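Peer 1: Sharing a structure here in structure tokens format.
All of the numbers you see were taken from the coordinates with simple rules; none came from a lab. On a predicted model such as this, the values are computed, not experimentally measured, just so you know. All Cβ positions, even for glycine, are placed from backbone atoms using ideal geometry, and neighbour counts span all protein chains on display.
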Amino acid sequence: MPEETPVLLSRDARGVVTVTLNRPQRGNAYNEALLRALIAGLEDLAADAAVRALVIRGAGRHFAAGADIHWLAEVAAYPPERAYQASLATTLAMQRLNEFPRPTFAVIQGACFGGGAGIACCVDVALATPQAIFGLTEVRVGVSPTPISTHMVHAMGLRQTRRYALTGERFGAAEALRIGLVHEVVEAEAIEARLATILDETLLSAPGAIAVTKDSFLGANGLKLDARQMALLAHEGWMQRASEEGREGLAAFREKRRPAWYPLV
């Protein structure tokens with residue numbers, strides 16, 4: 001059976017576009033197809049003056065469970081240039097979202113791990129249900145979250161990013177709110193109404209002024225990534241993923257065992 005379309009786009013009469021990550025059978029974990037579709041969609045929408053706002057959702061129970069472990073196993077067998085390009089796709093998708101010229105929103109439920117948390121860091125407004133679970137879990141499988149590292153620091157500050165990106169701990173919505181990963185925690189039955197209210201407030205703002213303000217905030221504070229920076233982040237991520245630790249972490253995860261680096265006493 002062919003895989004579902006990995007990213008769905010819909011637009012309402014106001015110009016509000018909904019981007020749905022559509023791999024619910026994998027918890028919306030991303031693979032290269034999803035990343036490429038997301039990049040292409042963001043680039044097309046950024047060039048469309050009729051777009052007023054963008055809302056990112058995850059299909060099914062979860063928002064986004066990070067990188068698809070099955071895809072990572074495929075990437076491990078790629079030749080070097082293709083493996084680097086796979087890492088660059090993650091970096092590019094996050095950069096395109098972070099610098100999208102219109103207001104961006106995320107509605108987060110269920111799992112929000114790894115690159116899913118990266119998406120939360122890159123939007124302008126992140127709303128979560130109380131049941132959402134977060135984690136910067138890459139180090140648990142021997143890889144590094146370099147493609148999303150700058151965005152995590154921008155959203156949560158270096159202090160909180162250092163803790164959660166190094167420990168790999170999972171944490172709840174209340175902690176995500178405290179550290180700045182999300183803006184509001186709203187009960188599931190009320191979150192759509194809350195989103196509608198914030199969207200309506202945003203649509204009162206001039207789109208040109210929003211674009212200039214957002215670009216100025218990012219640019220004046222050194223928060224925009226150029227091609228060289230993205231290449232470096234992608235290279236660091238690829239090299240760690242291709243390392244002995246990366247291979248062992250992937251194997252341990254798939255075999256449901258502790259990795260070799262865990263000390264036995």
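Peer 1: Cα axis of helix 32-46 to longest principal axis of the chain: angle in degrees, 0 to 90, nearest 10?
Peer 2: Compared with the principal axis, the helix lies near 20 degrees.
Peer 1: Additional query: What net charge do the residues around residue 198 carry, taking every other residue with its C-beta under 12 Å from that of residue 198, with Lys and Arg at +1 and Asp and Glu at -1? Write out the running numbers ahead of the final one.
Peer 2: On the way: positive: 194; negative: 124, 184, 192, 200, 201.
Net charge in that neighbourhood comes out at -4.
Peer 1: I'd like the antiparallel share, as a percent to the nearest 5, of DSSP beta bridges with both residues in the stretch 63-143.
Peer 2: 0 percent
Peer 1: Mind checking the stretch 27-104 for trypsin sites (Lys or Arg not before Pro) that DSSP puts in a loop (not H, G, I, E or B) and that have at most 14 other Cβ atoms within 10 Å?
Peer 2: Answer in residue order: 61.
Peer 1: Moving on. Determine the sum of side-chain charges near residue 17: Lys and Arg each +1, Asp and Glu each -1, restricted to other residues whose C-beta is under 12 angstrom from that of residue 17.
Peer 2: Neighbourhood net charge equals +2.
Peer 1: Within the stretch 206-265, which trypsin sites (Lys or Arg not before Pro) sit in a loop by DSSP and count at most 16 neighbouring Cβ atoms inside 10 Å? Don't skip to the end; give the middle numbers.
Peer 2: On the way: sites: 214, 224, 228, 241, 247, 254, 256, 257; in loops: 224, 256, 257.
Filter output for the stretch 206-265: 224, 256, 257.
Peer 1: Taking one equal scatterer on every alpha-carbon of the stretch 174-265, how large is log10 of I(q)/I(0) by Debye at q = 0.15, 0.21 1/Å?
Peer 2: Taken in order of the listed q values, log10 I(q)/I(0) reads -0.97, -1.05.
Peer 1: Local charge sum around residue 85 (other residues, Cβ-Cβ under 14 Å, Lys/Arg +1, Asp/Glu -1)?
Peer 2: Values: positive: 36, 82, 241; negative: 32, 74, 81.
Residues close to residue 85 contribute a combined charge of 0.
Peer 1: OK, next. For helix 207-220, report the angle its Cα long axis makes with the longest principal axis of the Cα atoms of the chain; keep it between 0 and 90° and round to the nearest 10°.
Peer 2: Roughly 40 degrees, rounded to the nearest 10.
Peer 1: Over the stretch 5-102, what per residue volume does the convex hull of the Cα atoms give, in whole Å³?
Peer 2: With only Cα atoms used, the stretch 5-102 gives 89 Å³ per residue.
Peer 1: Here's a follow-up. Under the classification rounded if a/c is under 1.5, otherwise prolate if a/b is larger than b/c and oblate if not, where does the stretch 76-156 fall, given a ≥ b ≥ c as square roots of the Cα gyration tensor eigenvalues? Mind dumping the intermediate values first?
Peer 2: Numbers: a/c = 2.33, a/b = 1.42, b/c = 1.65.
Judged from the Cα gyration tensor, the stretch 76-156 comes out oblate (a/c at least 1.5, b/c at or above a/b).
Peer 1: Compute the long axis of helix 244-254 from its Cα atoms, compare it with the longest principal axis of the Cα atoms of the chain, and write down the angle in degrees, 0 to 90, nearest 10.
Peer 2: 80 degrees
Peer 1: Can I ask one more? For the stretch 7-208, what does the alpha-carbon gyration tensor say about shape, rounded, prolate or oblate, given a ≥ b ≥ c as the root eigenvalues, a/c under 1.5 as rounded, and a/b over b/c as prolate?
Peer 2: Oblate, because a/c is 1.5 or more while a/b does not exceed b/c.
Peer 1: Taking the Cα centre of the stretch 129-192 as origin and charging only Cβ (+1 Lys, Arg; -1 Asp, Glu), how large is the dipole, in debye to the nearest 20?
Peer 2: I would put it at about 480 debye.
Peer 1: Now, a different point. Quick check on the chain: of the DSSP beta bridges with both residues there, what percent are antiparallel, nearest 5%?
Peer 2: Around 30 percent of the beta bridges assigned by DSSP in the chain are antiparallel ones.
Peer 1: Mind checking which of 158, 132, 98 is farthest towards the positive end of the stretch 7-208's charge dipole, using Cβ charges of +1 (Lys, Arg) and -1 (Asp, Glu) about the Cα centre?
Peer 2: 158
Peer 1: Pick from 188, 234, 13: which is most flexible by mean-square fluctuation in a GNM of the chain where alpha carbon atoms under 10 Å apart are linked?
Peer 2: The residue with the greatest mean-square fluctuation here is 13.
Peer 1: Right, something else. Of the candidates 221, 22, 31, which one comes out as most mobile in a Gaussian network treatment of the chain with C-alpha springs shorter than 10 Å?
Peer 2: 221
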